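Note sheet for the following structure.
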Amino acid sequence: MAMEMRLPVARKPFSESLGRETKKHLVVPGDTITTDTGFMRGHGTYMGEEKLIASVAGSVERVNKLICVKALNTRYNGEVGDIVVGRITEVQQKRWKVETNSRLDSVLLLSSMNLPGGELRRRSAEDELAMRGFLQEGDLISAEVQAVFSDGAVSLHTRSLKYGKLGQGVLVQVSPSLVKRQKTHFHDLPCGASVILGNNGFIWIYPTPEHKEEEAGGFTANLEPVSLADREVISRLRNCIVSMVTQRMMLYDTSILYCYEVSLPHQIKDILKPEIMEEIVMETRQRLLEQEG
């Protein structure tokens, strides 16, 4: 029987500024954040006995006079314009139900999507009958949040040709609080793979296509065999993202790329070993701090 033994190793020295930068003001429900009445109450807080008190466990964030608590583990709360990755769970009349890691299933209306070929016309009864041909249960899609209903449910649309059905790749599910909001969430990384960082915590890693296919309106999934080199890159990226999530590090294109570069001396399977995971993430944090300043 194969047995693996790991001995203690000396930890690499890192800059002192790294420890100072990563410290956050963490609170649990019931903790007093401040007794200063000049601050405004934000999400995750409430007023009690002239004190601002935390209602969720997370890190305190201040923007001028506004104080809010960002929960460490939470379901996705949709906002208009968010990019999400979701899985079709049900085909209904003129709509699809989509699992997007929120409290309620999201809705993708037949009228809120491009027809194959990008055709612009009113949806007919024939289109309704062909809905399962467009998207069926189990399909993964990328979409944008079009509206948020009063009960918190989210309405999606895929009217742009960059959205639609996803082909071959790997899905990683993380906490939505770890995905950094940016102008774009579609990134082609120089290592040979692309990522879609969904605001809902679903991250899709796939091989970078050689040429963008826009004539099908986002409904043709590329099912060609993926080369071994691409699969290794995708596996390494996936393990890097899992390492960063374990160490509670924010996910965005630069941090993922730096973590990928730092992990290159290690084998892909070794990245998830606790001591290597910690070393890789600490080195990534130090590179980000050096880049910032």
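The values are calculated or read from the model by the stated rules, or taken from the named source; none is laboratory data. What you are looking at is a predicted structure, and each value in this text was computed from that prediction instead of being measured. Note that each Cβ is placed from the backbone with ideal geometry, even for glycine, and that neighbours are counted across all protein chains shown. Note: accessible area is taken over every heavy atom of the protein model, side chains too, but ligands, DNA and RNA are not part of it. Shrake-Rupley method; radii C 1.70, N 1.55, O 1.52, S 1.80 Å.
General remarks:
- Per residue solvent-accessible surface (Å²) - the chain, probe of 1.4 Å: 57 Å²
- Fraction of accessible area attributable to carbon and sulfur, the chain (%, probe 1.4 Å): 50 percent
- Cysteines in the chain lacking any other cysteine Cβ under 4.7 Å from their own Cβ: 68, 191.
- Solvent exposure of residue 249, expressed as accessible area, is near 10 Å², computed with a probe of 1.4 Å over the protein chains only.
- Computed on the range 56-156, with alpha-carbon pairs under 8 angstrom and 6+ residues apart, the relative contact order is 31 percent.
- Percentage relative contact order, the chain, counting C-alpha pairs under 8 Å, at least six apart: 14 percent
- Sequence-distant residues sharing a close amide H with residue 194 (under 5 Å, placed H): 189, 206, 208
- Gain upon complete extension [residue 7, residue 278; 0.36 nm per residue less C-alpha separation]: 96.0 nm
- Under 18 Å from the residue 26 label point (7 Å along Cα→beta-carbon), backbone N, the range 238-277: 243-251
- Mean sequence separation of contacting Cα pairs (under 8 Å, at least six apart), scaled by the length of the range 57-107, corresponds to a relative contact order of 24 percent.
- Averaging Cα coordinates gives a centre for the range 42-116 and one for the range 149-196; these two points are 14 Å apart.
- Annotation: amide H-H contacts under 5 Å for residue 66 (H modelled 1.01 Å from N, sequence separation of 5 or more, or interchain): 40.
- The modelled label-to-label distance between residue 123 and residue 43, using points 7 Å beyond Cα along the C-beta direction, is 2.9 nm.
- Within a Gaussian network of the chain (alpha carbon springs, distance under 10 Å), most fluctuating of 283, 261, 126: 126
- Residue pairs, from the table 65/273; 51/183; 94/162; 24/97; 24/162; 97/269, whose Cα atoms sit over 32 Å apart: 65/273; 51/183; 24/97; 24/162; 97/269
- Seen from residue 98, the other residues with C-beta closer than 15 Å to its C-beta sum to a net charge of +1, counting Lys and Arg as +1 and Asp and Glu as -1.
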